[in-house]
Amino acid sequence: MYVRLLDHLNKYNIIVPEQYGFKAKVSTTKAILDFVKHIITNLENNESALAVFDDLRNAFGKVDRIILREKLIMYGVRGVALDWFDSYLSDRWQYVDVSGFISNLVESIVGLLQGSILAPILFVIYINDMPRCNPLVIREIYVDDVAWLFGGPKDGLQAMVSLTTETFIEWLALNNMSLNTEKTFFMQFLTKNKKAQSITLSDFGIHECSTVKYLGLVIDNTLSWSPHISLLCNKLSRISFTLRTLYPLLQPEALMLVYHGYFSAVMTYGIEAWGGSPHAVRVFLEQKRAVRIVNGMVPRTSCRGVFKSLKILTLASLYIYKLISITVRDLQNIRTVGEGHRFPTRHGHELRTPKHRLALMESEASFAGIVLYNNLPQEIKCCNNKLLLKKLKSFLLDKEFYSVDEYIKAEL
């Protein structure tokens with residue numbers, strides 16, 4: 001039934017574009033990159049950049065099943081399929097057992113079965129009609145994680161944020177839901193020369209913050225990524241201790257599985273967003289420590305050549321690979337320098353980078369990806385996409401770049 005429902009939603013394009021959950025080739029990483037791009041674009045245009053990060057109180061547990069049934073009908077679930085969902089959602093009972101003391105049976109009439117495969121997609125359907133209050137407001141939704149992005153002129157920002165928040169809270173009330181104001185915050189994004197405006201949402205119990213955790217990343221109001229990298233380094237340090245403990249107990253092949261499945265997975269999450277930060281060098285130090293442990297080396301030993309022998313990409317190489325992969329998938333939508341010129345130009349074959357005034361724009365994934373792609377050797381760029389990525393990985397393994405600057409300055 002899960003597959004049939006998902007196919008129905010995708011076939012008729014029912015889920016709103018702002019919902020990143022349950023869509024093919026769409027992940028939390030794409031949601032984060034789109035979020036960051038919107039923020040940087042607003043700052044680049046010298047406009048306001050404010051986001052409200054909403055946390056729904058007991059989101060899955062507050063779903064009104066009668067309202068959910070009406071929305072299933074509205075989206076085309078009828079007949080036998082609707083009868084199946086009626087049976088699935090009804091006649092459910094619960095009780096509490098504390099140290100042998102058992103409460104009376106009570107019928108459960110609200111909420112979804114958390115842990116079931118259907119619960120998240122039913123919740124997506126439930127919030128699919130969430131209102132959009134203003135064309136200048138951008139929403140990002142990943143199942144029950146909701147972020148509102150506000151841009152445009154500074155004048156009227158307070159009114160726009162307040163109206164959107166009020167409308168959203170009213171919609172929540174109509175759908176038997178509410179905000180968890182203790183975990184709901186708003187943030188103004190700033191540059192060095194941009195001061196924060198006097199914005200308040202205290203009437204709604206929402207307070208301003210300078211850092212917030214969103215989709216697994218800690219985002220700060222200057223997009224420096226320093227708080228996230230500090231948290232990440234702490235996690236990686238603990239994993240390195242685990243690797244050191246396992247080293248005398250496991251074969252090298254098994255230890256490499258732990259490295260890739262645990263250390264590398266944690267390290268690379270969201271690297272497309274934070275990998276260009278100058279603070280990322282701290283993560284690379286943690287990676288070198290883990291590689292020394294896996295390879296049985298003493299501290300402070302040089303890792304040059306070790307990454308290549310273990311077939312592990314350095315942090316910088318992982319970042320380069322990820323961003324070039326994004327660029328390659330979007331090549332048909334990127335103009336070259338030579339387009340629009342009547343005569344051949346010196347760098348006409350290179351991809352065109354957008355004009356910009358902020359250094360922050362250079363760290364944005366799509367912009368940085370173009371710069372990195374343009375620096376690839378021509379024999380790699382001329383390959384088709386699949387072969388290009390294969391050769392790119394081999395190239396990065398062979399070169400062992402310790403930083404993006406080393407890659408940019410290398411004579412390729």
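The values are calculated or read from the model by the stated rules, or taken from the named source; none is laboratory data. Not measured: the values here are computed from a predicted model. Ideal geometry is used to build each Cβ from the backbone, glycine not excepted, and the neighbour counts take in all protein chains shown. Surface accessibility is based on the protein's heavy atoms, side chains included, excluding ligands, DNA and RNA. Shrake-Rupley method; radii C 1.70, N 1.55, O 1.52, S 1.80 Å.
Scoring residue 307 on the criteria (1) farther than 17 Å from residue 255 by Cβ; (2) over 21 Å from the mean Cα position of the chain (by Cα); (3) touching a residue at least 40 places away in the same chain (Cβ under 8 Å) leaves a single failure, condition (1).
Matching residues to (1) assigned to a loop (DSSP other than H, G, I, E, B); (2) under 13 Å from residue 366 (Cβ atoms); (3) open to solvent by 30 Å² or more (accessible area, probe 1.4 Å):
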site	(1), (2), (3)
7	no, no, yes
15	yes, no, no
21	yes, no, no
24	yes, no, yes
30	no, yes, yes
38	no, yes, yes
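Of all the numbered requirements in (1) at pLDDT 95 or above; (2) surrounded by fewer than 18 Cβ atoms within 10 Å (Cβ to Cβ); (3) hydroxyl-bearing (Ser, Thr, Tyr), residue 402 misses one, and that requirement is (2). If I filter region 317-340 down to residues being open to solvent by less than 10 Å² (accessible area, probe 1.4 Å) and among the aliphatic types (A, V, I, L, M), which single residue comes out as nearest to residue 409 (Cα to Cα)? The selected residue is 320. Kindly provide the set of residues from region 194-220 that are surrounded by fewer than 18 Cβ atoms within 10 Å (Cβ to Cβ), not acidic (Asp, Glu) and not in a loop (DSSP other than H, G, I, E, B), ordered by number. If the condition is that a residue be surrounded by fewer than 18 Cβ atoms within 10 Å (Cβ to Cβ), not acidic (Asp, Glu) and not in a loop (DSSP other than H, G, I, E, B), then 202, 207, 211, 213 are the ones that fit. Applying the set (1) among the hydroxyl-bearing types (Ser, Thr, Tyr); (2) surrounded by fewer than 16 Cβ atoms within 10 Å (Cβ to Cβ); (3) touching a residue at least 40 places away in the same chain (Cβ under 8 Å) to residue 373 leaves exactly one unmet item: (2). Can you pull out every residue in region 176-193 that is closer than 23 Å to residue 362 by Cα and surrounded by 15 or more Cβ atoms within 10 Å (Cβ to Cβ)? Within region 176-193, 187, 188, 189, 190, 191 qualify.
Of everything in region 286-345 that is basic (Lys, Arg) and modelled with pLDDT of 95 or more, the residue that is nearest to residue 275 (Cα to Cα) is 322. Among the candidates 204, 168, the residue that is in contact (Cβ under 8 Å) with a residue 60 or more places away in the chain, under 24 Å from residue 61 (Cα atoms) and not small (Gly, Ala, Ser) is uniquely 168. Restricted to region 67-124, and to residues that are open to solvent by 80 Å² or more (accessible area, probe 1.4 Å) and of a type in the set (Phe, Trp, Tyr), which residue is nearest to the chain's Cα centre (by Cα)? In this case the residue turns out to be 84. For region 139-160, a residue qualifies if it is farther than 19 Å from residue 194 by Cβ and open to solvent by 10 Å² or more (accessible area, probe 1.4 Å), and the qualifying residues are 139, 142, 143, 144, 145, 159. For region 41-49, indicate whether the set of residues that are outside any loop (DSSP other than H, G, I, E, B) and either open to solvent by 40 Å² or more (accessible area, probe 1.4 Å) or hydrophobic (A, V, I, L, M, F, W, C) (or both) is non-empty. Yes, region 41-49 has at least one match. Note on region 50-65: among residues that are touching a helix residue (DSSP H, G or I) at 6+ places or on another chain (Cβ under 7 Å) and part of a helix (DSSP H, G or I), the one that is farthest from residue 362 (Cα to Cα) is 65. Quick check on my filter: what residues within region 109-160 are at pLDDT 90 or above, β-branched (Val, Ile, Thr) and part of a loop (DSSP other than H, G, I, E, B)? Within region 109-160, 117, 127 qualify.
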